[in-house]
Amino acid sequence: MKKRLLFFFTAACMLMASSLRAQYYYNERYGYFFQQKFGFHAGTQGLGMDLSLPLHQQVALNIGGSILPFNMPMNSVLGSYQIRSKARAELYNIHLMLDWAPFPEGGAVLGKFVMSGGLAYFFKASGRVDSHLKDNYFYGDIEVPKEDVGMLRTEINWKNKLAPYAGIGMQNMYTSERWSLGFSLGTYYMTAPPEVKLTGTNLLAGNEVNEATVTRNMSTYRWWPVLQITLSHDF
């Protein structure tokens, strides 16, 4: 009889503990911390889409992709001369991440905190800058037309395809029953330095001899910061 009472008491305690644990992670309105979500993101890695699949009450698998076609004019000053440049960049990737919610019971702020880590495959990661003088060049009293000075093209290309990622963020900031916002802050690490190619025209021809120096100076340009906002829909 005592053994039966002990068994039922133990079973009741385990059931209660299980119930409390479920309530610990469970939100009556929105469910477990991670839901199946499909989202759209925008930020420093461009525009893209994500699919989030829960693996555990505190862990989710995030699969997505981003594209960043970048094209903008730039102005700079070299000595007493103004430089006009046009910068172009193309970064396309797919990524596979794990999101972990360490404090699901942490309340309005900590309860939405997420740590992320994973890997991205870059189909393309390159940039190009075309630069020329805004005005004519003066060599003493001799005026040289800016067209005769020429143009300098700088091409940058990251040959490595894989880049690990680490970051933090906030998720599950619901705006309605199924729509929610999320914010991410992190960085990719390009596992190899970029390759640099210089091409000049007219008087700027021959700058290829400086490629090794520029490549060496850019050898530490491996961190690609990520700051983005995500709009997700539960399904």
Could you pull out the pairs from Lys124/Lys146; Lys161/Lys197; Lys112/Lys161 whose alpha carbons sit more than 26 Å apart here?
Lys124/Lys146; Lys112/Lys161
Which of Ala108, Ala192, Ala166 fluctuates most in a GNM of the chain (C-alpha springs under 10 Å)? That residue is Ala108
Can you give the net charge of the other residues whose Cβ lies under 12 Å from the Cβ of Met190, counting K and R as +1 and D and E as -1?
+2
Explain nothing, just compute: Karplus ³J(HN,Hα) = 6.51 cos²θ - 1.76 cosθ + 1.60, θ = phi - 60°, for every residue of segment 99-113 in order, whole Hz, x for Gly and Pro.
9, 10, 9, x, 10, x, 9, x, x, 5, 9, 4, x, 10, 6
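Evaluate E = 1/(1 + (r/R0)^6) for Thr220 and Ile63, where r is the Cβ-Cβ distance and R0 equals 22 Å; express this FRET efficiency to the nearest 0.05. Walk me through the numbers on the way to the answer.
Details: r = 31 Å, r/R0 = 1.39.
Once the sixth-power term is evaluated, E becomes 0.10.
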Expected vector for segment 221-235, Karplus 3J(HN,Hα) from phi with 6.51, -1.76, 1.60 and θ = phi - 60°, integer Hz, x for Gly and Pro, equals 7, 10, 8, 10, x, 10, 10, 8, 10, 10, 10, 10, 10, 6, 9
Separation between the Glu143 and His233 pseudo-spin-labels, each 7 Å from Cα along Cα→Cβ, expressed in nm?
6.2 nm
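Quick one: net charge of Leu203's neighbours, Cβ under 14 Å, K/R +1, D/E -1? Before the final figure, lay out the partial values.
Working: positive: Lys146; negative: Glu143, Glu147, Asp148.
Spelling it out: positives minus negatives among the neighbours equals -2.
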Extension reserve of the Trp100-Asn207 stretch, reckoned as 0.36 nm per residue once the Cα distance is removed
33.6 nm
³J(HN,Hα), Karplus 6.51/-1.76/1.60, whole Hz, each residue of segment 169-183, x for Gly, Pro
x, 10, 10, 6, 8, 6, 9, 7, 4, 10, 9, 9, 10, x, 10
The exposure ranking of Met72, Met97, Met49, fewest beta-carbon neighbours within 10 Å first, is Met72, Met49, Met97
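Here, each number is a calculation from the coordinates, and none is a lab measurement. Since the model is a prediction, treat every value here as computed from it, not as a measurement. Please note: Cβ atoms are built from the backbone with ideal geometry, for glycine as well, and neighbour counts cover all protein chains shown.
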